[in-house]
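Derivation of every value follows stated rules applied to the coordinates shown; laboratory data play no part. Since the model is a prediction, treat every value here as computed from it, not as a measurement. Here the Cβ is made from the backbone with ideal geometry for all residues, glycine too, and neighbour counts use every protein chain on show.
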Amino acid sequence: MNSVLSVHLRVSLVLFAIIMAILIFRLISKNKLPIKYSLFWLVALLLIFLVGFFPNFIGFFTSFVGFQTTSNLVVGIILGILLTITLLLTIIVAEQKRKSILLIQELSFLKAKVKELDTKKDK
């Protein structure tokens, strides 16, 4: 059972985490990504960084969970992170759709009210 990450994978994970963290902080500074949405990304990147920098940090969990290699566990963790992000984005999209429908209904009501007032005013 191989429980140690290869040096290449460790370096790749650390570089990926650093580059993504820089990208996220730039998006936050340009107000393109709200802080509340970036927190999950930053936590996920911290986990990826820790796995890459301290491979023994995750070595115990590899055998505990039943994975053959640590790299398979890393892929599983990344897949889990991506699925969680997808779920969070789905929730955000559903909430935005609900708000859009509410705004359309309010706008329609206001248009009808303005039209009603205009017809009363013209009489």
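Quick notes
- Per-residue Cβ neighbour rank within 10 angstrom, fewest leading, Phe64, Phe53: Phe64, Phe53
- Considering only Leu50, Val93, Ile104, the residue lying farthest towards the positive end of the dipole of the chain is Ile104, judged by Cα position with unit charges set on Cβ.
- Unit charges on C-beta of K, R, D, E only; dipole of the chain, Debye: 700 debye
- Among Ile28, Ile48, Ile77, the residue with the largest mean-square fluctuation in a Gaussian network model of the chain, with springs joining Cα atoms closer than 10 Å, is Ile28.
- Annotation for region 47-72 versus region 85-115: alpha-carbon center distance of 43 Å.
- Exposure proxy ranking for Arg10, Arg26, based on other Cβ atoms within 10 angstrom of each Cβ and starting from the fewest, stands as Arg26, Arg10.
- Cα-based Lys proximity count in the chain, under 23 Å, for pairs eight or more positions apart or on separate chains: 13
- Residue of Lys30, Lys97, Lys111 that the Gaussian network model of the chain assigns the largest fluctuation, springs spanning Cα pairs under 10 Å: Lys111
- Span-rule helices in the chain, defined as complete DSSP H runs reaching 15 Å or more along the axis (Cα) with Kyte mean at least 1.6: 7-29, 35-53
- From the coordinates of this entry, Rg and Dmax of the Cα atoms in Å is computed, and it appears in (1) 26.8, 97; (2) 14.1, 46; (3) 24.2, 88 under the label (3).
- Among Phe49, Phe61, Phe109, the largest mean-square fluctuation in a Gaussian network model of the chain, built with springs joining Cα atoms closer than 10 Å, belongs to Phe109.
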